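Okay, so here's the structure we're looking at.
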Amino acid sequence: LVVRANGTLLGWGSGSGGVLGNGVSGIQTSPVPAVGIDDVRYVADGNASHSIAVKNDGTVWGFGPNQNGELGIGSSPVNVFTPTQVLGLANVAQAATTRYTSAFRRADGTIWVTGSNYGAGLGTTVGTGGAFSSTTVIQLTALSNTTYLSAGGPNTAVLAPFVNVAINQQPVNRA
């Protein structure tokens, strides 16, 4: 996925489950525009699993597979072929994705997450053994004033003043 300077979102490659947002599933051999979305500022790709776009107005849009609620739009549909707005989430500055989760940093520095909590990937201890899914966005209240968000594998990390780095809400000391 790529965002042009004019805010157009383009994608190519495997469009399995709607991950390209162009309304169809299947391989695209050249860039095709996502349907029904413009003015995109930022895009995050969940390891070819799902996609999240943040528009310049701070709204969030999800598309692609949604088996674990990783799009934050509820549990259905399972595959979302065009960008769909994530309700209840505004003023988003940044998004990051893992294969089955999505995380969002709002302009106020708060962190919000959705999707699978396998391996405590959501950064919360709710549920048995860390194995549950949240199909709508939830706030990680232990984190505030963050300045950067990143994700990879099953982990999500943020930079925050006086905490340095927090992974799944656990402070990590720098060497």
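The values are calculated or read from the model by the stated rules, or taken from the named source; none is laboratory data. Being a predicted model, the structure only gives us computed values, none of them experimental. So basically every Cβ, Gly included, is an ideal-geometry build from the backbone, and we count neighbours across all protein chains shown. Note: accessible area is taken over every heavy atom of the protein model, side chains too, but ligands, DNA and RNA are not part of it. Shrake-Rupley method; radii C 1.70, N 1.55, O 1.52, S 1.80 Å.
At 0.36 nm per residue, minus the direct Cα-Cα distance, what do T147 and Q85 gain on full extension? Give it in nm, one decimal, please. Kindly include the intermediate steps, with their values, before the conclusion.
Numbers: separation 62, 0.36 × 62 = 22.32 nm, distance 2.39 nm.
This chain segment gains 19.9 nm when fully extended.
The residues neighbouring W112, those whose beta-carbon lies less than 12 Å from its own, together hold a net charge of +1 under the Lys/Arg +1, Asp/Glu -1 convention. Relative to the current alpha-carbon distance between D38 and V24, full extension at 0.36 nm per residue lengthens the span by 3.2 nm.
Just to confirm, what accessible area per residue do you get for the stretch 1-128 at 1.4 Å probe, in whole Å²? Before the final figure, lay out the partial values.
Numbers: 5310 Å² over 128 residues.
Per residue, the stretch 1-128 has 41 Å² of solvent-accessible surface.
Remark on Q94: its backbone amide H falls under 5 Å from those of R105, a criterion applied only to residues 5 or more positions apart or on other chains, H modelled at 1.01 Å from N. Remark: the stretch 63-78, residue by residue, has Karplus-estimated 3J(HN,Hα) of 7, x, x, 9, 4, 10, x, 5, 8, x, 10, x, 8, 9, x, 6 Hz, where x stands for each Gly or Pro and the curve is 6.51 cos²θ - 1.76 cosθ + 1.60 at θ = phi - 60°. For the stretch 1-54, carbon and sulfur atoms together expose 51% of the accessible surface, with a 1.4 angstrom probe and every protein chain in place.
Count Lys and Arg as plus one, Asp and Glu as minus one, and take only other residues whose Cβ is under 13 Å from that of G121; the net charge is then 0. Which of the three applies to the stretch 61-153, rounded, prolate or oblate, going by the alpha-carbon gyration tensor with a ≥ b ≥ c and a/c under 1.5 meaning rounded? The shape class here is oblate.
Rounded, prolate or oblate: pick one for the stretch 1-114, where a ≥ b ≥ c are the square roots of the eigenvalues of its C-alpha gyration tensor, a/c under 1.5 means rounded, and failing that, prolate if a/b is larger than b/c, else oblate. Oblate, since a/c reaches 1.5 and b/c is not below a/b.
For the peptides 59-68, 21-30, 86-95, the ranking by packing is 59-68, 86-95, 21-30, with the highest mean count of neighbouring Cβ atoms within 10 Å listed first.
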